[in-house]
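The values are calculated or read from the model by the stated rules, or taken from the named source; none is laboratory data. As the structure is a prediction and not an experimental result, all values here were calculated from the model. Glycine also receives a Cβ, built like all others from the backbone with ideal geometry; neighbour counts cover every protein chain displayed.
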Amino acid sequence: MSWVRVWLHIVFTTKNREPILSSHIRKNIFQHIKENAAQKDIWIDSINRYKEHVHCLLSLNKDQPISKVIKLIKGESSFWVNKNNLTKTKFTWQDDYWVVSVSESHLKSVREYIHNQEEHHRYKPFSEEIDEFMKKYGWSYTQKQGG
């Protein structure tokens with residue numbers, strides 16, 4: 001029997017980083033995302049948002065590629081938001097996302113960080129947070145190549 005525990009911290013944004021994730025939408029969409037994920041054997045430990053982005057801590061199982069899990073979460077949730085008319089305009093997520101692995105020893109601090117998004121962004125805008133992630137992990141922006 002295999003035992004796999006791969007923790008990921010995922011961040012994704014609304015299309016064009018539109019600040020439309022109100023408290024009302026958050027309550028509904030996060031409950032739905034968790035229920036839908038559970039049906040697909042995706043374990044979401046923590047999820048929270050600010051106006052234009054979502055942080056999610058999840059654990060993959062042995063047969064779940066990152067891209068497929070994120071596609072299932074984002075695709076189905078945007079469909080559900082639109083079906084239930086939770087926004088005034090068509091809702092979509094940005095194509096891009098950020099993912100970093102998290103060690104078991106850092107789970108508590110990542111959970112706290114995710115749960116404290118409102119407080120955190122009172123002092124630091126999302127654009128500044130992105131720049132910090134980019135520097136911290138040595139990432140650079142890439143463009144999709146035309147095919």
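Side notes on the structure shown:
- Consider the stretch 74-96 and keep the residues that are outside any helix (DSSP H, G or I) and of a type in the set (A, V, I, L, M, F, W, C). The one that is surrounded by the fewest Cβ atoms within 10 Å (Cβ to Cβ) is LEU86.
- In the stretch 3-10 there is at least one residue matching the filter, namely being free of Cβ contacts under 8 Å to residues at least 40 places away in the same chain and farther than 17 Å from LEU86 by Cβ.
- Residue match in the stretch 64-72 (condition: in a helix (DSSP H, G or I) and closer than 12 Å to VAL11 by Cβ): yes
- Within the stretch 97-129, the residues that satisfy the criterion of being modelled with pLDDT of 75 or more, among the hydrophobic types (A, V, I, L, M, F, W, C) and in a helix (DSSP H, G or I) are LEU107, VAL110, ILE114.
- Being among the basic types (Lys, Arg) and surrounded by fewer than 16 Cβ atoms within 10 Å (Cβ to Cβ) is a property that ARG5 has.
- Any pair with Cβ under 8 angstrom, 6 or more apart, that starts in the stretch 41-62 at a residue that is at pLDDT below 85 and ends at one that is part of a strand (DSSP E or B): ARG49/HIS55; ASN61/TRP43
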